[in-house]
Amino acid sequence: MRRRGRGWHSPWLFAATLLAAQPAAARIDYAISIAHPERHIFEVTMQVPNVRDQLALQMPAWNALYQIRDFSSHLMQVAARDGAGNQLRVAKLDKQTWKVTGNGLVTVSYSTFWDEAGPFSAQLNPDHAFLNLALVLLYVPDRRAEETRLAFDDVPESWRIAVELDAGEMAAGRRTGAYNAPNYDALVDAPVEIGKFEELRFTAGGKPIRVAIHGDVGDTARLTDALKRIVDYESAMMGGLPSREYLFLFHFGSSVGGGGMEHANCTAISASVLAELVNTSAHEFFHLWNVKRIRPQALEPVDYTKEMYTRSLWFAEGVTDTYEAYTLVRTGLWSAQQFYTDFAARMNEIEGRPAHRWQSAEQSSLDAWLEKYTLYNRPEESISYYNKGNLLGLGLDILLRDSTDNRASLDDMLRFLNEQYALRGRFYDESQDLRAAAESVIRKSAPGANADFHDFFQRYVAGTDELPFSDWLERGGWVLKPSGQRRATLGFSVRREGGDSSIVQALEPGSSAEEAGLREGDVVLALNAEAVPRSLERWLRDHQPEDRVTMKVRRRGEEKEFSFALGQSGTSYQIVEMPDPSEKQRRIREGILHGTTSAPR
C-alpha cells in the first residue's frame with residue numbers, strides 16, 4: 001500500500017486452515033445492484049445454503065488501511081428470508097455482528113452507502129462504481145473458506161466491469177454474468193471498477209497485463225512503456241510473475257487524490273500526475289511478492305474484527321519503497337541523480353522528525369493503527385515505517401554487498417524469502433527470520449565472511465540508534481554532504497483519512513499558513529489547483545522556501561481559498577558520488593544502480 005499503512009491477507013492460504021472443518025461443498029452467492037448511482041447506495045443480496053438453526057453474519061471492521069473504520073456504519077436495513085420467502089428474525093449482536101434464525105437456504109439483503117474516492121474505499125456515483133468488496137460484503141465467520149460467486153445487477157448499458165476474478169457462467173436474467181472466487185478472502189482481495197473506463201492490454205513479465213483507467217491519463221503510450229519496464233524488471237528479478245495475469249486499476253485526475261493499494265493479483269491506484277502514477281505502480285507491483293506472498297506470521301490468518309499487530313511493516317512497506325526507487329532507476333525511468341535526490345530527501349525527512357530518537361522502526365510498525373489520529377502524526381510523536389524502512393533497505397543492501405565483496409545483495413535476500421516462505425506457503429517470524437535470511441544469503445555467497453547482523457537489527461530496527469548514513473554511503477562509493485539549501489515546508493502536516501481526504505493538522509504557530517487563515521481540521525481540496533499529491537515530501541522537494549502556494553479547503557461545509565509562502569526547515573543533505581572510489585566501492589555503487597552483483601573470484 002501506498003501511502004498509509006494498510007491491510008492485506010493471503011486468501012488461499014487462509015482457506016487451507018479452515019477447510020478441514022467445513023461441511024460438504026457449498027457456495028455463498030452475492031449480488032450487488034447499482035441501480036441508483038445518484039444515491040450512492042449499493043443494494044446487496046447474499047444467499048447462504050445449508051443453514052442449520054442459526055446463521056452468524058459479520059461485516060469487517062477494517063480492510064485496506066491499518067485503521068478500524070467500522071464499515072457496518074454504512075449498512076442499512078439488514079433483512080433475511082428463507083427458501084419459501086418467509087421473513088426471518090434478524091438480531092444485531094454488536095456493531096458488526098448479526099444473528100439470523102432459520103434453516104436451509106437463507107437470503108440476506110441490505111443496503112450500504114459509499115461515496116468515498118480513492119483506492120482504500122468504495123464509491124458509487126453517476127460516473128462509475130469502485131468497490132473494495134470487504135467494505136460492502138458481509139461474511140459468515142465460520143464459513144469463510146467456502147466458494148463464493150458475485151454478480152452485478154442493473155449495470156448501465158455503456159458501462160463495463162474490470163475485476164481480477166474468474167468469470168463464471170452467465171447468471172439467469174443478468175447481462176453481466178458472474179465472477180467466482182475460492183473463498184471470501186479471495187473475493188474481497190479483488191477490487192472492482194465499473195464504468196466507461198479506458199482499457200489497455202499488453203504482455204509483460206511473460207503474462208497478460210490489463211489496465212483499466214477511469215479518467216483521462218493522456219499519454220497512454222508513455223504509461224504503457226513505463227508499466228512494461230516495471231513489470232518486466234520486477235518479475236525477472238523475483239524469478240517470474242506469480243499470477244497468471246495482472247490488473248492495474250487507475251483513477252486519474254485533478255480531484256482523485258493519491259495513493260495505492262495492493263491486492264493478490266492487481267492494484268488500485270489514484271493519482272493526478274502521470275509520474276506519480278508510474279512511481280506508485282513500481283511500489284504496488286512489488287507488493288505482489290513483498291506483502292502479498294512474503295508475509296509475516298503475525299498477520300495470518302486475517303482477523304477482520306480487530307487490529308492485527310506486526311513489527312515488520314518497516315520491511316513489508318518500507319523495503320517495498322526501497323524497491324520502488326530501485327526499479328525506477330534500474331529501468332531508466334529515473335536518472336541516477338533522481339535516485340540520489342529521493343534517498344537524500346528521505347534522510348532529511350527522518351532527521352526532521354524528533355520522534356526518531358525514541359520510536360524504532362518496529363514500534364512504528366506496531367503503531368500503524370494510530371495513524372488515523374491527529375496527535376500521533378506530529379513529528380514529535382511518530383516516524384514513518386515507510387520512510388525508515390526505505391532507508392534500512394538501502395543500508396541492508398550496502399552491508400550485504402560490503403560483507404560479500406558485492407557477491408550478494410538485498411535482491412538475493414528477497415529471492416531467498418520468496419523461495420523459503422512464499423513458495424512453500426510459510427510465513428516469516430518478524431525480524432528474527434528477516435535477520436536469519438540476511439545471514440543465510442551471506443553464508444551462501446561468501447563462506448567465511450562475517451554474517452552476523454545482530455547489531456544491525458538490534459540497533460537500527462528494534463532500537464533507535466542514529467542511522468550511520470555517512471558510513472553506509474561511503475561503503476557504496478557515495479558521500480553525504482550538506483546541500484547549502486534549506487528545505488521548504490508547508491507549516492503543517494496532513495492526515496489522510498479512509499476516503500482519501502487530507503486534513504490539516506499540527507499547524508505551526510506563527511507560520512505563513514496560519515497567518516493566512518488556515519486552521520487545523522480544514523479539509524484540503526486542492527493544492528495549487530491540483531489534487532493533494534500522494535507524497536507531500538516529494539512535492540516539497542520541487543519547491544523552495546518563500547514560494548507562494550494556493551490552497552482550497554472545506555471548513556464546516558464552506559469552501560475557502562488561501563495563499564501563503566512556504567516556510568523553511570533545517571539544512572538539507574545531498575548524496576554525491578565519490579570521484580575516486582575504490583574498486584569495491586565502485587562495484588557496490590554500480591550494483592545498486594543496476595541491480596547486479598559480482599561473480600565469485
To the nearest 10 degrees, how steeply does helix 274-286 sit against the main Cα axis of the chain, on a 0 to 90 scale? 80
Rough spin-label spacing in nm, given labels placed 7 Å along Cα→Cβ, for residue 198 and residue 443: 5.3
Can you tell me the 0 to 90 degree angle between the C-alpha axis of helix 430-445 and the longest principal axis of the chain, rounded to 10? 50
Starting with the fewest neighbours, write out 350, 398 ranked by other beta-carbon atoms found within 10 Å of each beta-carbon. 350, 398
In Hz, Karplus ³J(HN,Hα) per residue of segment 362-367 (6.51, -1.76, 1.60; θ = phi - 60°; x = Gly, Pro): 5, 5, 4, 5, 4, 8
If R0 = 56 Å, then residue 56 and residue 580, at their Cβ-Cβ distance, give a FRET efficiency to the nearest 0.05 of 0.20
What whole number of Å gives the distance from the Cα centroid of segment 506-552 to the Cα centroid of segment 327-349? 24
Based on C-alpha coordinates, I'd like the Rg and Dmax of segment 361-434, in Å. 15.6, 46
Amide N proximity, segment 239-283 versus residue 550 label position 7 Å along Cα-to-Cβ, cut-off under 14 Å: none
At the level of C-alpha centres, the distance separating segment 197-233 and segment 428-448, in angstrom, is 36
Test item: Cα-centred dipole of the chain, Lys/Arg +1 and Asp/Glu -1 on Cβ, debye: 680
Can you pull out the trypsin sites (Lys or Arg not before Pro) in segment 305-381 that DSSP calls coil and that have at most 13 other Cβ atoms within 10 Å? 306
Tell me the net charge near residue 586. Cut-off is 10 Å between Cβ atoms, residue 586 excluded, with +1 for each Lys or Arg and -1 for each Asp or Glu. -1
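Around residue 472, under 10 Å between beta carbons, what's the net of Lys plus Arg minus Asp minus Glu among the other residues?
Every neighbour counted, the sum reads -3.
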Tell me which of 416, 480, 281 sits at the most positive position along the dipole axis of the chain, charges placed on C-beta atoms (Lys, Arg +1; Asp, Glu -1). 416
For the chain, the longest principal axis of the Cα atoms and the Cα long axis of helix 410-420 enclose an angle in degrees, to the nearest 10, of 40
Of the cross-linked pairs 95/306; 388/584; 99/372; 228/388, which ones have a Cα-Cα span greater than 20 Å in the structure shown? 388/584; 99/372; 228/388
Rounded, prolate or oblate: which fits segment 387-496, taking a ≥ b ≥ c as square roots of the Cα gyration tensor eigenvalues, rounded meaning a/c under 1.5, else prolate when a/b beats b/c? oblate
Over its Cα atoms, what ratio of radius of gyration to 2.2 N^0.38 Å does segment 59-116 give? 1.30
Give the long-range amide H neighbours of residue 66: residues separated by 5 or more places, or on another chain, with amide H under 5 Å away, using H modelled in the peptide plane at 1.01 Å from N. 5, 6, 7
So how far, in whole Å, is the C-alpha centre of segment 452-497 from the one of segment 371-403? 8
Phi angles of segment 334-351, converted by Karplus (6.51 cos²θ - 1.76 cosθ + 1.60, θ = phi - 60°) into ³J(HN,Hα) in whole Hz with x for Gly and Pro, give 10, 7, 4, 5, 4, 4, 5, 4, 5, 5, 4, 5, 5, 5, 4, 4, 6, 5
Exposure-ranked with fewest Cβ neighbours within 10 Å first, 251, 40, 214 stand as 40, 214, 251
Value at 222 nm in deg cm²/dmol, rounded to 500, when DSSP H runs of n ≥ 4 in the chain each add -39,500 (n - 2.57): -8000 deg cm²/dmol
Give the range of the longest stretch in the chain that excludes all GluC sites (Glu not before Pro) found in loop regions by DSSP and having at most 15 other beta-carbon atoms within 10 Å. 1-156
Distance between modelled label sites at residue 508 and residue 158, nm, 7 Å Cα→Cβ extension: 4.9
In whole percents, the bins of 5 Å from zero upward hold the Cα-Cα pairs of segment 188-333 as 2, 9, 19, 23, 21, 14, 8, 3, 1
For a quick check: with amide H placed at 1.01 Å from N, whose amide H comes under 5 Å from residue 574's, ignoring anything fewer than 5 positions away on the same chain? 481, 483
Based on the alpha-carbon gyration tensor of segment 300-444 and its eigenvalue square roots a ≥ b ≥ c, which shape applies: rounded if a/c is under 1.5, prolate if not and a/b is larger than b/c, or oblate? oblate
Tell me, 112, 550 in order of fewest to most beta-carbon neighbours within 10 Å? 550, 112
Cut-off under 5 Å, modelled amide H: who pairs with residue 241 long-range: none
Net charge over other residues, Cβ less than 11 angstrom from the Cβ of residue 426 (K, R count +1; D, E count -1): -1
Please say if segment 223-282 is rounded, prolate or oblate, where rounded means a/c under 1.5 for a ≥ b ≥ c the square roots of the C-alpha gyration tensor eigenvalues, and otherwise the choice is prolate for a/b larger than b/c and oblate otherwise? prolate
Rounded to whole Å and sorted largest first, list the principal axis extents of the Cα atoms in segment 11-196. 43, 38, 32
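Since every read-out is calculated from the coordinates, none of them should be taken as a lab result. None of these values were measured; they are calculated from a predicted model. Virtual Cβ from ideal backbone geometry, glycine too; neighbours counted across all protein chains shown.
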